[in-house]
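Peer 1: I have a structure I would like to understand better, so I am pasting it below and will then ask my questions one at a time.
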Amino acid sequence: MNTDEMKMLCKKHTMYSWSATGAVDPLPVERAGGVYMYEPSGKRYLDFNSQLMSVGIGHSHPKVVAAMKKQLDSLIYCFPGTATEVRARFSRRLAELVPGDINTFFFTLGGAEANENAIRAARMYTGKFKILSRYRSYHGATNACMQLTGDPRRWANEPGSPGFIRVLDPTPYNYSFGQTEEEITANNLEYLEEIILYEGAQNIAAMFIETVTGTNGILPPPAGYLEGLRELLSRHGILLICDEVMSGFGRTGKLFAFEHGGIVPDIVTMAKGLTSSYFPLGAMGVSDPIAEYFRDNVFWGGLTYNAHALGLATAEAVVDVLMEEGLVENAAKLGAVMRSEMDRLTDKHPSVRVGRNIGLFGMMDIQRDSKGTPMADYNRSHPAMLALNQAFRDEGLFTFIRWGGFMCNPPLCITEEELREGFEIIDRALDVTDAAYEGES
């Protein structure tokens, strides 16, 4: 099938996420390997976003492909009420990997389902109904997760189910430099405690956070935030749920991002890097007290594909690769290289406001003037950002533009040479946004 026919049929017979189908110009992809993917024409793209921040170990790793083929010759699927060897083996492995007392898991097909079940578990366990989450968040496209989500994708999905309370993030969208991280943390936690007072701690089951905010800015928590939040919520009898769907499995230079704060949540959700997106799989991990509660009380949740054998075999192989090849350590080491490249481009290009990263989880913000005004307003685009996206594509770099910024989230197997190759492409492409920079304002 040639490229034009492939694109035409995909647009004719399928719908695309978050898009009007007629406006989509899909990237034709025939194959992928390592940190690169290829059009049918042979044009190569450096995958600088790990697809959806999800292909953590790189594309088509032969060890994982072999493990999947092996499982296909064994047990592919059994209904969720069975015990299987791969379920027993991998759940034990996951209990060994996740810090603290999170030793019990409910397996799903993705991150949204993991978060849906975390909502359910928190409400059942606590007997309380309200859920806190943050405005600069994305937790999934299912009904309840859309109400957890703060970003504008929830607007068309409203009104949704009741009981969700969104609060401001430590870092505002149109932030200004000046405050220390410690001041930002103290101010936000003081504000959050006031919200808890107004809503009633006796009514609030849990607070969801993306441990590192993902698509809404790649925002690592400010100094002391995770520790302070953990203490505040525990003091008020509110569960902490960390959504590690993007940040988990090495992306930040630690296996889980909450480890940077020296804390352990009550519930953690995961997907994406769990299987490097080779197969759909997510998981909700719960602490021992919550797990013990559900040994005597029914967990009123279920999925046809809960603990899917092929998914678990894929995850097992991915975790082996992650550990054996030192990819978590590679993310930590190359995080410093990414930081230096971002600093270099910030100094060189007037349109770059700032770059930020934690491990290989990064984003760069583009400004239109010296006051730091975002090139694109909240939930808006700008011709210069569209031109930047086209420049990336022309030069063979795949990543995502998000309003006034762009993502820097390559697979964790990337080498220093490949990482610098990506930033050289970005360096050339930023001439486009420099041309739109208005200077003093």
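Peer 1: Any residue that is surrounded by 15 or more Cβ atoms within 10 Å (Cβ to Cβ), out of contact with any helix residue (DSSP H, G or I) (no Cβ under 7 Å at 6 or more places or on another chain) and of a type in the set (Val, Ile, Thr) - is there at least one of those in region 58-69?
Peer 2: No.
Peer 1: Of everything in region 209-254, what is part of a loop (DSSP other than H, G, I, E, B), over 20 Å from Ser54 (Cα atoms) and aliphatic (A, V, I, L, M)? Give them in sequence order.
Peer 2: Within region 209-254, the subset part of a loop (DSSP other than H, G, I, E, B) is 211-212, 214-218, 220-224, 236-238, 244-254.
Within this subset, residues satisfying the condition of being over 20 Å from Ser54 (Cα atoms) are 221-224, 236-238.
Scanning region 209-254 gives Ala223, Ile238.
Peer 1: Take Val264 and tell me if it is under 12 Å from the mean Cα position of the chain (by Cα) and part of a loop (DSSP other than H, G, I, E, B). If you could, list the steps in order and put the result at the bottom.
Peer 2: On the way: under 12 Å from the mean Cα position of the chain (by Cα): no; part of a loop (DSSP other than H, G, I, E, B): yes.
For Val264, the condition - under 12 Å from the mean Cα position of the chain (by Cα) and part of a loop (DSSP other than H, G, I, E, B) - is not met.
Peer 1: What is the one condition in (1) buried (at least 16 other Cβ atoms within 10 Å of the Cβ); (2) closer than 21 Å to Ile267 by Cα that Glu96 does not satisfy?
Peer 2: Condition not satisfied by Glu96: (1).
Peer 1: If a residue has to be within 26 Å of the chain's Cα centre (by Cα) and either of a type in the set (D, E, K, R) or part of a helix (DSSP H, G or I) (or both) to count, how many in region 40-62 make the cut?
Peer 2: Taking region 40-62 first, the residues within 26 Å of the chain's Cα centre (by Cα) are 44-62.
The next check asks that each one be either of a type in the set (D, E, K, R) or part of a helix (DSSP H, G or I) (or both); those that pass are 44, 47, 50-53, 62.
Final tally of qualifying residues: 7.
Peer 1: Could you list, in sequence order, all residues of region 80-136 that are small (Gly, Ala, Ser), outside any helix (DSSP H, G or I) and either at pLDDT below 95 or over 23 Å from the mean Cα position of the chain (by Cα) (or both)? Before the answer, list the steps.
Peer 2: So the first thing to find is which residues in region 80-136 are small (Gly, Ala, Ser), and the list is 81, 83, 88, 91, 95, 100, 110-112, 114, 118, 121-122, 127, 133.
Okay, now just the ones that are also outside any helix (DSSP H, G or I), so 81, 83, 100, 110, 127, 133.
Residues satisfying the conditions are Gly81, Ala83, Gly127.
Peer 1: Could you give every pair whose Cβ atoms fall below 7 Å, whose first residue belongs to region 380-398 and is farther than 13 Å from Gly422 by Cβ, and whose second residue is among the hydroxyl-bearing types (Ser, Thr, Tyr), counting only separations of at least 6 or pairs across chains?
Peer 2: Ala384/Thr433; Leu388/Thr433
Peer 1: Let me ask something additional. Does region 88-101 include one or more residues that are basic (Lys, Arg), under 30 Å from Ile241 (Cα atoms) and free of Cβ contacts under 8 Å to residues at least 40 places away in the same chain? Can you show your working first?
Peer 2: Keep residues of region 88-101 that are basic (Lys, Arg), which gives 89, 92-93.
Then keep just the ones that are under 30 Å from Ile241 (Cα atoms); that gives 89, 92-93.
From what's left, free of Cβ contacts under 8 Å to residues at least 40 places away in the same chain: 92.
Yes, because at least one residue in region 88-101 is basic (Lys, Arg), under 30 Å from Ile241 (Cα atoms) and free of Cβ contacts under 8 Å to residues at least 40 places away in the same chain.
Peer 1: Does Ser340 qualify as being out of contact with any strand residue (DSSP E or B) (no Cβ under 8 Å at 6 or more places or on another chain), free of Cβ contacts under 8 Å to residues at least 12 places away in the same chain and polar (S, T, N, Q)? Full working, then the answer.
Peer 2: On the way: out of contact with any strand residue (DSSP E or B) (no Cβ under 8 Å at 6 or more places or on another chain): yes; free of Cβ contacts under 8 Å to residues at least 12 places away in the same chain: yes; polar (S, T, N, Q): yes.
Yes: the conditions hold for Ser340.
Peer 1: Return the pairs, sorted by first residue and then second, in which the second residue is in a strand (DSSP E or B) and modelled with pLDDT under 95, the first residue lies in region 36-49 and is surrounded by fewer than 16 Cβ atoms within 10 Å (Cβ to Cβ) and acidic (Asp, Glu), the beta carbons are less than 9 Å apart, and the residues are 6+ apart or on different chains.
Peer 2: Between residues of region 36-49 that are surrounded by fewer than 16 Cβ atoms within 10 Å (Cβ to Cβ) and acidic (Asp, Glu) and residues that are in a strand (DSSP E or B) and modelled with pLDDT under 95, there is no close pair.
Peer 1: Taking region 136-189, which residues are among the small types (Gly, Ala, Ser), more than 22 Å from Gly355 (Cα to Cα) and surrounded by 12 or more Cβ atoms within 10 Å (Cβ to Cβ)?
Peer 2: Taking region 136-189 and keeping what is among the small types (Gly, Ala, Ser), we get 137, 140-141, 144, 150, 156, 160-161, 163, 176, 178, 186.
Remaining after also requiring more than 22 Å from Gly355 (Cα to Cα): 140-141, 144, 150, 156, 160-161, 163, 186.
Gly140, Ala141, Ala144, Gly150, Gly160, Gly163, Ala186 - these are the residues of region 136-189 that are among the small types (Gly, Ala, Ser), more than 22 Å from Gly355 (Cα to Cα) and surrounded by 12 or more Cβ atoms within 10 Å (Cβ to Cβ).
Peer 1: With the condition kept exactly as written, say whether any residue in region 63-72 is on the phi < 0 side of the Ramachandran plot, touching a residue at least 24 places away in the same chain (Cβ under 8 Å) and in a loop (DSSP other than H, G, I, E, B).
Peer 2: There is no residue in region 63-72 that is on the phi < 0 side of the Ramachandran plot, touching a residue at least 24 places away in the same chain (Cβ under 8 Å) and in a loop (DSSP other than H, G, I, E, B).
Peer 1: To continue, here is another question. Kindly indicate whether Ala206 is surrounded by 18 or more Cβ atoms within 10 Å (Cβ to Cβ) and outside any helix (DSSP H, G or I).
Peer 2: Details: surrounded by 18 or more Cβ atoms within 10 Å (Cβ to Cβ): yes; outside any helix (DSSP H, G or I): yes.
Answer is yes for this residue.
Peer 1: Does any residue of region 286-307 turn out to be in a loop (DSSP other than H, G, I, E, B), buried (at least 22 other Cβ atoms within 10 Å of the Cβ) and either of a type in the set (A, V, I, L, M) or in contact with a Gly (Cβ under 6 Å, 6 or more places away or on another chain) (or both)? It would help to see each step written out before you state the result.
Peer 2: Of region 286-307, the ones in a loop (DSSP other than H, G, I, E, B) are 297-307.
Pick out the ones that are also buried (at least 22 other Cβ atoms within 10 Å of the Cβ) and you get 307.
With either of a type in the set (A, V, I, L, M) or in contact with a Gly (Cβ under 6 Å, 6 or more places away or on another chain) (or both) added as a condition, the list becomes 307.
Among the residues of region 286-307, at least one is in a loop (DSSP other than H, G, I, E, B), buried (at least 22 other Cβ atoms within 10 Å of the Cβ) and either of a type in the set (A, V, I, L, M) or in contact with a Gly (Cβ under 6 Å, 6 or more places away or on another chain) (or both), which makes the answer yes.
Peer 1: Working only within region 321-335, note down all residues that are free of Cβ contacts under 8 Å to residues at least 40 places away in the same chain and not in a helix (DSSP H, G or I).
Peer 2: Scanning region 321-335 gives a single hit, Gly326.
The values are calculated or read from the model by the stated rules, or taken from the named source; none is laboratory data. Just so it is clear, the model here is predicted, and its values are computed rather than measured. Note: ideal-geometry Cβ built from the backbone for every residue, glycine included; neighbour counts use all protein chains shown.
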